[in-house]
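Trainee: Please see the structure below; I have some questions.
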Amino acid sequence: MSDNNRLGVFKTYKLYVGGKFPRSESGRVYEVSDSKGQWLANAPQSSRKDARDAVVAARKAFGGWSGATAYNRGQVLYRVAEMLEGRRDQFVREVAASEGLSKSKAAAAVDTAIDRWVWYAGWTDKIGQISGGANPVAGPFFNLSTPEPTGVVAVLAPQKSSFLGLVSVIAPVIATGNTAVVVASADAPLPALSLGEVLATSDVPGGVVNILSGVTAELAAPLAAHQDVNAIDLTGADAALAKELEIAAADNLKRVLRPGPAHADGAADSADWSASPDTHRLTAFLETKTVWHPTGALGAAGSSY
Amino acid sequence: MASAFEYAPAPESRAVVDIAPSYGLFIDGEFAEAADGKVFKTLSPSSEEVLSEVARAGAADVDRAVKAARKAFEKWSALPGSERAKYLFRIARIIQERSRELAVLETLDNGKPIKETRDADLPLVAAHFFYYAGWADKLDHAGYGANPRPLGVAGQVIPWNFPLLMLAWKIAPALATGNTVVLKPAETTPLSALFFADICRQAGLPKGVVNILTGYGDAGEALVTHPDVNKVAFTGSTAVGKAIARSVAGTDKKVTLELGGKGANIVFDDAPIDQAVEGIVTGIFFNQGQVCCAGSRLLIQESVQDEVLDALKRRLSTLRLGDPLDKNTDIGAINSAEQLARITSLVETGEAEGAERWSAPCELPSSGYWFAPTLFTNVTQAHTVARDEIFGPVLSVLSFRTPDEAVAKANNSQYGLSAGIWTEKGSRILAVANKLRAGVVWANTFNKFDPTSPFGGYKESGYGREGGRHGLEAYLDVR
């Protein structure tokens, strides 16, 4: 990344929590290398305390974000895509280095990821129309079901797809008004930490997305057991860890999105993130609220029409 | 009340129902004894009279029933939806034809007033089968993608508060979507499920599609943990719901849980007081308060607190408690001695913690399990009676000053199943309904149900929805 005689400027990667960029409170970092073992950067190794701080930030942001209009949330998500487009080359470099992809394959992954933000940006004001409904109850009642965000969602990002996979699990969570605490891919956290910088400049309110890097199991355990976390996406957990976390999540009946099938080597999620998504990642973190109200009996005598 | 207002007894006849002295388990279309021959008795909670003796299922019976359901699944799921629909329509019609018999049976076995089984439970049971019958051949249009597939064998465990209605909520969508079921009714109310087995026979339902296992919690546990069960549906306590959520961890089983609640019923100062009082009564004293979505926390705006409480106490004094088969009875028996003990103990805790108890003046029958409609005032949010689900005719009254305070107090609960709002101001209804973290919000009404309307909770009230289009998802492979 440096030209002939110029010494490059390395980047200090930091967490993204509550709209700020802290180092881990533990003071720990760990070495992140590329697919050939070359040192790329020192990433913060978040602690359980960082995870809890992130939950506090996500809870604080939930009221404002879930209360924003769907139109507003859609524009904010679209703004993320705009910012990503401007930083496309940076992400292509980071993804190529992190995942060991050729430049063209990394570029394809980044382009798909940007398009995915755009796709989810368009869902914010439509999900209520397709997953809610007016219920024709047998009686004089107005009866309406609407989806609402579940709350604070812990997201274990895919381990292998460091950016496209990451975007594919974050965007649906926040599109519907939830706030997220994201645990980045343990081995390839750099694109996630850079995404934090994009979110910070995209009108996404601080705390809506919080990004932690470190050892997935170490961070996932306190999140799965946390009484103020409402849901957990286990995508980045292997089968054994996912089972352990699902058991912990039962303690306050968190909504659980189980991981897809494992890779042949047992690693988590063999999902093809380049495939077109459906709505299940949106609906997994929604509650349905049904409101009843009497309608009275105007025209009951037969004169209504 | 003055004697001029006494009612003559108006009992519904027991002759319409013929309860056999003993029943077996319903597996693969046949009634059979439990493998180990165990039985238990079911009582009438209003008289403690033994109604019948039923087989007590064990793990071996669960295994046999799951095998029967698995075998039946192949053909049942392959049946055109239009054919499955016709079976469900038949069941709905037979339930209507036999509704008087079933209402009396349910009242005898459960202890709830005939007025409720006749006018609420049974019509809703039939309506659920009608509603889901119509979905069976329209699943491609339900919004879960083209050609959504059933999951397989559904293991279903239901509670004793609405035995036949909970059966309908579970079985109707399961069958409509092409699943087969093994259902375990509660140990204190096994009879209506066994009568339902006979309805399946009359409808000509293929063997093994519906299996009924009467038994205790051990049978329920064996059922939900059975490795060949693909879908678990449970309605009951939050503690058991959490145990089930743990037990399915790491499996492919899909789960829906309908658990406890501590519903807030919020009365604003501009509410129509008389209607609100009726709604409060419906909210907490319907089915002796043994309702998961009961409005058990009454939040009254301070300026009308005295007026509402006076009217409420006056109204409660007119409720008639007694023989559940009497058509004029409002308050029936508590379902079991165990439940009565739990209610009594929580009420004692309430008194010990300093809340002020008031119980409606009524004479309790000398046999059976009874508890007079009761309310607590001087309740704070920290009190046990404001936090724990009592599942009985006990109301905790709190007050508030501003809408924000009402919302904060209403949401201050581990539960999030139901809530009520009473006000004449439309914008306030919408604003408050929007902020309540509860799956069902009744505004200027309470405890209304309909098969087209999704029902289920936020937070520790469980996950998934039953009823309506949403209720189909629980039984379809939509991930």
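What follows draws every value from the coordinates through simple rules; no lab data is involved. Keep in mind it's a predicted model, so treat the numbers as computed, not measured. Backbone-built Cβ (ideal geometry, glycine too); neighbour counts: all protein chains shown.
Trainee: Where the eigenvalues come from the Cα gyration tensor of region A:95-216, what are the semi-axes √(5λ) of the equivalent ellipsoid, largest first, in whole Å?
Mentor: 34, 16, 12
Trainee: Can I ask one more? Taking N as the number of residues in region A:32-185, what value does Rg over Cα atoms divided by 2.2 N^0.38 Å take?
Mentor: 1.26
Trainee: Let me check I've understood the local charge: for B:SER44, count other residues with C-beta under 13 angstrom from its C-beta, Lys and Arg +1, Asp and Glu -1. What total comes out?
Mentor: -2
Trainee: For q = 0.10, 0.18 Å⁻¹, what log10 I(q)/I(0) does region B:133-255 give under the Debye formula with an equal point scatterer on each alpha carbon and no solvent?
Mentor: Evaluating at q = 0.10, 0.18 Å⁻¹ gives log10 I(q)/I(0) of -0.31, -0.98.
Trainee: HN-Hα J couplings of region B:348-353 from phi, Karplus 6.51/-1.76/1.60, θ = phi - 60°, integer Hz, Gly and Pro as x?
Mentor: Coupling constants for region B:348-353: 4, 4, x, 5, 5, 7 Hz.
Trainee: Sticking with this one: Alpha carbons only, please: Rg and Dmax for region A:92-141, in angstrom.
Mentor: Radius of gyration, then largest Cα-Cα span, for region A:92-141: 20.4, 63 Å.
Trainee: Just from the alpha-carbon atoms, what are the Rg and Dmax of region B:43-126 in angstroms?
Mentor: 17.2, 47
Trainee: Continuing with this model, one more query. Please list, ordered by chain and number, the residues whose modelled amide H lies under 5 Å from the amide H of A:ARG255; skip anything fewer than 5 residues away on the same chain.
Mentor: Under 5 Å from the amide H of A:ARG255: A:ALA231, A:ILE232.
Trainee: Sorted by average packing, counted as other Cβ atoms within 10 angstrom per residue and highest first, what order do B:269-276, A:113-120 take?
Mentor: A:113-120, B:269-276
Trainee: Please list, by residue number, every one of the GluC sites (Glu not before Pro) in region B:1-58 that is coil in DSSP and has at most 11 other beta-carbon atoms within 10 Å.
Mentor: Those satisfying the criteria are B:GLU6, B:GLU49.
Trainee: Now for a different question. What list of ³J(HN,Hα) couplings, whole Hz, do you get for region B:425-431 from phi and the Karplus terms 6.51, -1.76, 1.60, once you set θ to phi - 60° and write x for glycine and proline?
Mentor: For region B:425-431, the Karplus curve yields 8, x, 5, 5, 4, 5, 5 Hz.
Trainee: Could the peptides B:442-449, B:463-470, B:103-110 be put in order, highest first, of the mean number of other beta-carbon atoms found within 10 Å of their residues?
Mentor: Result, highest mean first: B:103-110, B:463-470, B:442-449.
Trainee: How big is the Rg/Rh ratio for the protein assembly as shown, C-alpha atoms only, Rh by Kirkwood, two decimals?
Mentor: Taking Rh as the inverse mean 1/r over Cα pairs, Rg/Rh reads 1.01.
Trainee: For region B:339-479, with equal point scatterers placed on the C-alpha atoms only and solvent neglected, what are the log10 I(q)/I(0) values from the Debye formula at q = 0.09, 0.13, 0.21, 0.22 1/Å, to two decimals?
Mentor: Per q value, in the given order, log10 I(q)/I(0) is -0.37, -0.73, -1.31, -1.35.
Trainee: Pop out the Kirkwood hydrodynamic radius of region A:150-305 from its pairwise C-alpha distances, inverse of mean 1/r, in Å to one decimal.
Mentor: Result for region A:150-305, one decimal place: 16.8 Å.
Trainee: Can you give the Rg and Dmax of chain B based on its C-alpha atoms, in angstrom?
Mentor: For chain B, the Cα radius of gyration and maximum Cα-Cα distance read 22.1, 65 Å.
Trainee: Moving to a separate point now. Taking θ as phi - 60°, what are the ³J(HN,Hα) couplings along region B:40-54 by the Karplus curve (6.51, -1.76, 1.60), each to the nearest whole Hz, with x for Gly and Pro?
Mentor: My calculation for region B:40-54 gives 8, 9, 10, 9, 8, x, 7, 10, 6, 6, 6, 8, 6, 10, 10 Hz in order.
Trainee: Same structure, new question: Which angle from 0 to 90°, rounded to the nearest 10, does the C-alpha axis of helix B:305-316 make with the longest principal axis of chain B?
Mentor: Rounded to the nearest ten degrees, it is 60.
Trainee: May I pose another question? Please list, by residue number, every one of the chymotrypsin sites (Phe, Trp or Tyr not before Pro) in region B:7-89 that is coil in DSSP and has at most 14 other beta-carbon atoms within 10 Å.
Mentor: B:TYR7
Trainee: Now for a different question. Which of B:ASP137, B:ASP310 comes first, and how do the rest follow, when ranked by fewest Cβ neighbours within 10 Å?
Mentor: Ranking B:ASP137, B:ASP310 by Cβ neighbours within 10 Å, fewest first, gives B:ASP310, B:ASP137.
Trainee: What are the chymotrypsin sites (Phe, Trp or Tyr not before Pro) within region A:8-37 that DSSP puts in a loop, where the Cβ has at most 13 other Cβ atoms within 10 Å?
Mentor: In loop regions of region A:8-37 (DSSP not H, G, I, E or B), the sparsely surrounded chymotrypsin sites (Phe, Trp or Tyr not before Pro) are A:PHE10.
Trainee: Now, a different point. Considering every Cα-Cα pair within region B:229-302, what fraction, in whole percent, is farther apart than 16 Å?
Mentor: 60 percent
Trainee: Scaled to the compact-protein estimate 2.2 N^0.38 Å, what is the alpha-carbon radius of gyration of region A:1-117, rounded to two decimal places?
Mentor: 1.29
Trainee: Using every Cα-Cα pair within chain A, state what percent have a distance larger than 23 Å.
Mentor: Tail of P(r) above 23 Å: 56 percent of Cα pairs.
Trainee: Let me ask something else. Treating each Cα of region B:405-479 as an identical point scatterer and ignoring solvent, apply the Debye formula and state log10 I(q)/I(0) at q = 0.17, 0.22, 0.27 Å⁻¹.
Mentor: Debye intensities relative to I(0), on a log10 scale: -0.70, -1.02, -1.25.
Trainee: Another question, then. For A:SER46, enumerate residues with amide H under 5 Å from its amide H, sequence gap 5+ or separate chain, H modeled in the peptide plane.
Mentor: A:SER213, A:GLY214, A:VAL215
Trainee: What's the local net charge at A:ALA157, with K and R +1, D and E -1, over the other residues with C-beta under 12 Å away?
Mentor: Its environment carries a net charge of -2.
Trainee: While we're here: Just to confirm the number: angle between the C-alpha axis of helix B:59-78 and the first principal axis of chain B, 0 to 90 degrees, nearest 10?
Mentor: Approximately 70 degrees, to the nearest ten.
Trainee: So, with +1 on the Cβ of K and R and -1 on the Cβ of D and E, and no other charges, what is the size of the charge dipole of the protein assembly as shown about its Cα centre, to the nearest 20 debye?
Mentor: Result for the protein assembly as shown is approximately 1660 debye, rounded to the nearest 20.
Trainee: Once amide H atoms are built 1.01 Å from N in the peptide plane, which residues 5 or more positions from B:TRP442, or in another chain, come under 5 Å H to H?
Mentor: A:TRP292, B:ALA419, B:GLY420, B:ILE421
Trainee: With +1 on each Lys and Arg Cβ and -1 on each Asp and Glu Cβ, how big is the dipole of chain B about its Cα centre, in debye rounded to the nearest 20?
Mentor: The dipole magnitude comes to about 1600 debye.
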